[in-house]
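Everything on this sheet refers to the single structure shown next.
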Amino acid sequence: MQQFQRYYKSGTCTIQNRFPQGVTSTNTISHKYSFSKPKSKAEAKQVAAKKHSEAERRRRMRINGQYATLRDILPNLVKMDKATVLAETVRRVRELRKTVSDLEGVCGGSSKDCVFPGGADKLSLENGVGDDDKGLVKVTFSCEDRPGLISAVARTLRSMKGRVVKFEMVTLGGRTKSVLWVQGLSGGNEVIGMLRRALKVVIDRPSFPGISKRSRLG
């Protein structure tokens, strides 16, 4: 007669079969179970709080860096606290917006008559300008500012027997724009063409020898 005894333990199942004397068979089957316990709510909150704290730290560092930049570029700052820096920044922005508006009014909304330099090199010559004297030539050029530029332009005009009767110049941000009214250039379009080519050589000359300018006159 067979007797069956079953023994159960946590994670282990053992079955022993007993047979008559002399015949014994033991079968043991073991099953091990491994479970990863989910993180507790307290641990999850701790991880979330750490991430939030790190994000807040990076945000504060970014803001402090921006305030440091403003302190460097704003002139005549007496106080360095954030409230003062922010108030001065707002004041300067409003002041610059008003300046831009005033400049647009001076230019009449058109860049053609505006005497402020642009970002591209330009050269133009207009023959026969002026109401009283049709012999005036208006020379307008915009380029990178450099020492000796105006002297070189004046020498070029003198070589063509030209005489400057009016001159306007504005320099801004390393760029310059000049408007010259020249008298005494006789010879018509041929002389105007020669003057254009000569001025282009002067204006297109690089600031430093051996370095070509990226933008050329068209």
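The values are calculated or read from the model by the stated rules, or taken from the named source; none is laboratory data. All values derive from a computational prediction rather than experimental measurement. Counting neighbours? That spans all protein chains shown, and the Cβs are built from the backbone with ideal geometry, glycine included.
Aliphatic (A, V, I, L, M) and at pLDDT 90 or above: does that describe M61?
On the way: aliphatic (A, V, I, L, M): yes; at pLDDT 90 or above: yes.
Judged against the criteria, M61 is a match.
Among the numbered conditions (1) surrounded by 11 or more Cβ atoms within 10 Å (Cβ to Cβ); (2) under 32 Å from the mean Cα position of the chain (by Cα); (3) modelled with pLDDT under 85, the only one that C143 does not meet is (3).
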